[in-house]
Each structure stands twice: as C-alpha cells, then as structure tokens.
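Presented below is the structure to which this report refers.
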Amino acid sequence: MRPDHHSTSAIEAVSHAAPALEVARLSFAYGARQVLHDAAFRVMPGEFAVLLGPNGAGKSTLFALITRLFDAPPPGSVRIFGTEMREEPGAALARLGLVFQQPTLDPDISVIENLLYHGALHGLPRAESRRRAMHELERVELADRAGSTVRALSGGQRRRAEVARALLTQPALLLLDEATTGLDMPSRAAVRRHVRNLCTTEGLAVLWATHLIEEVPEEARVIMLAEGRVRAEGTVPEVLAQAAQAPDLPDAFARLTASAKG
Amino acid sequence: MAHGGIPLSGWLRCLSGIVRREALRFVHQRGRFFSALVRPLVWLAIFAAGFRFVLGVSISPPYQTYVLYEVYIVPGLAGMVLLFQGMQSSLSMVYDREVGSMRVLLTSPLPRWWLLFCKLLAAVLVGIAQVYVFLLVARFWEVEPPLIGYLTVLPALILSGMMLGALGLLLSSWIKQLENFAGVMNFVIFPMFFASSALYPLWRVQEASLPLWYVCQANPFTQAVELIRFALYGQFDPVSCAAVTVALLVFGGAAVLGYDPQRGMLARRAAG
C-alpha cells in the first residue's frame, strides 16, 4: 500500500526498505533477435526514475518483462519491493500501477466503469473502488467526466484517466511507458506534473519510460537504454560524466546511443 | 485461497467485474445483439422452410415422434449461437490485445488461469442469454420443447459454451492479428458447423460418406449439439456430455498454456 498522503514518516520508512524495483541480469530475445542484454538497474522508494532511450531501445520489452506479460529467462530477475516476480507474481503485481504506451481504456464504456473494472481485477469491493475512483478522478480533474464514455474524451483526458486508473489500487511503484505519446505540450506537462507530485508528496516510486529528453527533470535518476543495454545510470551529472563529460543531457544521449550503434 | 494478498471474495469480485464489463460491452454494441439473434433466425425462417421437405428426419432420440425440420435444427442453431459467441469472444481478445486492454487483464495480481476462466465464463453467460432469446422467438415457429427443457438445457449450454469458448480462447492465443480471424471463419466455424449434426441427422451423412461420418462424430460441436438436443427435452446424453467435457479440458488446458508467461507464446507472437 502507498503511504498516507503527506506522511513524512511513512516516506522515511520506505526509503530504508528494499528497492521498489530491482532488475538484474535481464536478457531477452524475440526468436533470434536479441533485444535486451544483461539489463540491470534499481528504482528506490519515492524516487522518480526516467528510463530514457530511443525508439526500439527495448523499453517496451523491459516493461513487458517487469509486468510479467511474459517471463524473462533465468538468470534474469525482476524484484518488486524484494518480491521476485517469477516466484510470487500476485504479490509483486499487487504493488504495481501501470500506464501503458498504448491506450488501454475500453472506449465503449464510461470512465468510471473502466476504473471499476480495474478495481475488480484487483479484487476491490465495488463501493471502495468507486470511492477511490472518484478521488483519483478528482485529482486529475476528470470527476465531472466520470460518466462519459472514453470515446468522448480528448487524448490528454484519456491519459489522465489512465493515470487515475493506475493509482486506484494505491500502488507503491508506478510504471509509465511513453505515457505522454501523442499529447500536446500542456497535456504532457499536466500528466508529468501530477506524477512528480505523487513522488514528492506520497513517496511513490516512479519509472517513467520515454524517448523525449525534455521529459527528464534535473533531479531525476536516469537509466539510459540503447540497443537493449543500459548505457548509463545515475543522476543527471553522473550520466554526463559517464558520457565522457558531455556538456548536457541531449549530448550525452547522442553520444551514448551512437556508441551503442557503433 | 489468497493470491497477491487477495482473499476468495476478491476472486469473486474479479469474476463479477469481468462479467459486468462483458455484459456492458454487449449492451452497448446493439448491432452485435441483433446479428447474434438474426443469424439463427435466418436459418430457422428461411433455410428450414426451404429444406423441410427435402431433408427427412426419422424418429430418433430424444424425439418420440416425427418432428418438423424446424424442431430438429433448433438445438443446432442454439449451438451455433454459442459457437459464434465463442469465436466472437476470441475475436474480442485479439482486439483487446491489439489495442492494449488485454494487458490490463493480464497484469492483475490474480492467477492468469483464473482471469482466463472469468473471461470465458463471462462470454458464455452473454452467449446463453442470446440462446434463450432465440429459443423464445423460435416458439413462433412451433418449436415448443417442454417447459422443463428450458431449465434442463442450462447446464448443457454452460458446458457447451465453455468448451466452444475455450476453443476460441485457444485460437486467440495463436492468432497474431485481427486480419487472421477471417481464417478462423473459414477453417474453424464453417467446418465445425457443417460437419456436425446441427443441420441433418448423422445417419444421413453415414449413408452418403462413411469417412465424413467419422469426422462428424469426432467433431466436438456435434457432441455439443447432441448434448443440447437431449437436454432441451429433459434428457441426459452421457456420451456427448463426456465428449464435450474432454474437449473442454483439452481446449482449456491448451489455452492456459497459450497465455502462460513462462511458455512465452505471447512473446513469440510479439516477435512477429
């Protein structure tokens, strides 16, 4: 369960716990095409981490493995708050909130029904699910659209509804895969602002996958992925240092992705 | 029984949520409801009227007298509703996967076999509602089984629907794209329907072609139709019941394997 809102002691408590996400020695191939090579990184509780990589770097495959859409072959492992995904998928998935790259709301039913369906998939009582759904929709300023069909929402509203749905189960780790794809600048900023706010106020750990460098906040922890390999990891200054003292993040990104191809 | 800290009541809420969503989708897609109803009615009103004097139906169990051809084909048409519903369900799963909403289902903390079972049962319940509407409308064509038959046919519909839905689920785990679903129509639905006892008694097929008769006998849809036929007249056919159960276990087991993350069929499909 996520710590209570604005609970500093709870945030401090989780900061001493196991990593929110620990990926180790993760390799994966689609047939003969190797897409991940020995990937390893961590996201700590309360941390906003950005998985930065160009299209085709292996981000979505990594997400599919972290969310157990399919299993990674040994010795690769995915641990959520210390729980090995392959051994205890239920316990691990129960702590995850997910926003996928593709829109995943059912367009023919209402926003609230989409959220209630998600609550049911996690075994939540309907009344509790409804209470939480309205709370989350209020936080993304969509409470007045709860009864609208998803088809009637704009792209930005749909994305915010997906974030609200991901938070319905009060996850401790939120994964977002290219969550701002197809959105205009104000909508992208709104989604980003909301998620970062959750990090700082509620101690939620976030892994934000993107190919957009401008989505990396200065204080974020960066995991740079290229050609299926983690090329650099750390704070922005640490990543710059790992990219042969690159002057800025775009330059570091260009150097590290170029070296991956070379 | 707890999985991911979710108690048994949570499992049932999951089932209820999936059934509710399936029902909502069906209600919102009115065209789907009407086509589901019109399809068997076209067979009953047009095909049966045309063929009633061509295809003779002798007295054979469960019927105790000569019956109208319309009466004979109604169990087969009820089976056809379930067959199409099972395939429609698999079509929707392929669609769900393409648009991404399948991921929402598969990343639930509950076990995948349970999620697939819920999905299957939800589709079957929607199919059964369609069958009952069809059976009521069929009374206008003087297809009037005993009233108790409407009750005794329910378990047969559930079992047959689950078996056909499991087949659809299995197919959905192998189909890469929606476009491939046309192949399912050609290579699964039509052969299963026509090589069965839905439209003609199998003794007629046996007279025409012995190999085809064997095929019809081995067709699980034939067994489902016979199970429904007997149940609709308050009788139990143990052979067809056993055959449908075995087919359900085989198709259901294979479908669970198809969606098993360790077997990685989803991953292989993602590889293109």
When Rg is the radius of gyration of the Cα atoms in the range B:8-270 and Rh is its Kirkwood radius, what does Rg/Rh come to? 0.98
Over all alpha-carbon pairs in the range A:110-262, figure out the percentage whose distance exceeds 19 Å. 59
With the cut-off at 1.5 for a/c, could you classify the protein assembly as shown from its C-alpha gyration tensor as rounded, prolate or oblate? prolate
Rounded Å value of the spacing that divides the Cα centres of the range A:226-256 and the range A:25-60: 15
Across chain A, where is the longest run that never hits GluC sites (Glu not before Pro) in a DSSP loop with at most 12 other C-beta atoms within 10 Å? A:88-217
In nm, the gap between the two label points placed 7 Å beyond Cα toward Cβ at residue B:174 and residue A:213 is 4.8
Please give the helix B:69-99 orientation as an angle from the longest Cα principal axis of chain B, in degrees from 0 to 90, rounded to the nearest 10. 20
7 Å from Cα along Cα→Cβ at both residue A:181 and residue B:136: what's the point-to-point distance in nm? 4.5
For chain B, size of Cβ-based charge dipole, Lys and Arg +1, Asp and Glu -1, in debye: 880
Counting trypsin sites (Lys or Arg not before Pro) as exposed when in a DSSP loop with at most 16 other beta carbons within 10 Å, what is the longest stretch of chain B free of them? B:53-175
Output the antiparallel fraction of DSSP beta bridges having both residues in chain A, as a percent to the nearest 5. 55
Which residues' amide hydrogens lie under 5 Å from the amide hydrogen of residue A:229, considering only partners 5 or more residues apart or on another chain, with H built in the peptide plane? A:37
Using each residue's phi in the range A:178-193, evaluate 6.51 cos²θ - 1.76 cosθ + 1.60 at θ = phi - 60° and report the 3J(HN,Hα) Karplus result to the nearest Hz, with x for Gly and Pro. 6, 5, 9, 4, x, 9, 7, 4, x, 5, 4, 5, 5, 5, 4, 4
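Would you work out the Kirkwood radius for the range A:105-170? I mean one over the mean of 1/r across all pairs of different Cα atoms, in Å.
Averaging 1/r across every pair of different Cα atoms and inverting gives 11.2 Å.
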What average number of partner chain Cβ atoms lie no more than 10 Å from the Cβ of the residues making up A:87-95? 5
Alpha-carbon centroids, the range B:66-135 and the range A:121-178: separation in whole Å: 28
With Rg and the Kirkwood Rh both taken from Cα atoms, where does Rg over Rh land for the range A:193-261? 1.00
What is the distance, in nm, between label points placed 7 Å from the Cα along the Cα-to-Cβ direction at residue B:260 and at residue A:248? 5.3
Average other protein chain Cβ within 10 Å of Cβ, residues A:101-107: 5
Nearest-0.05 FRET efficiency for residue B:249 and residue B:154 at R0 = 22 Å, using Cβ-Cβ distance, is 0.60
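Every read-out reported here was derived from the displayed coordinates using simple, explicitly stated rules and does not represent laboratory data. In this text, all values refer to a predicted model and were calculated from it rather than measured experimentally. Note that we place each Cβ from the backbone using ideal geometry, even for glycine, and neighbour counts take in every protein chain shown.
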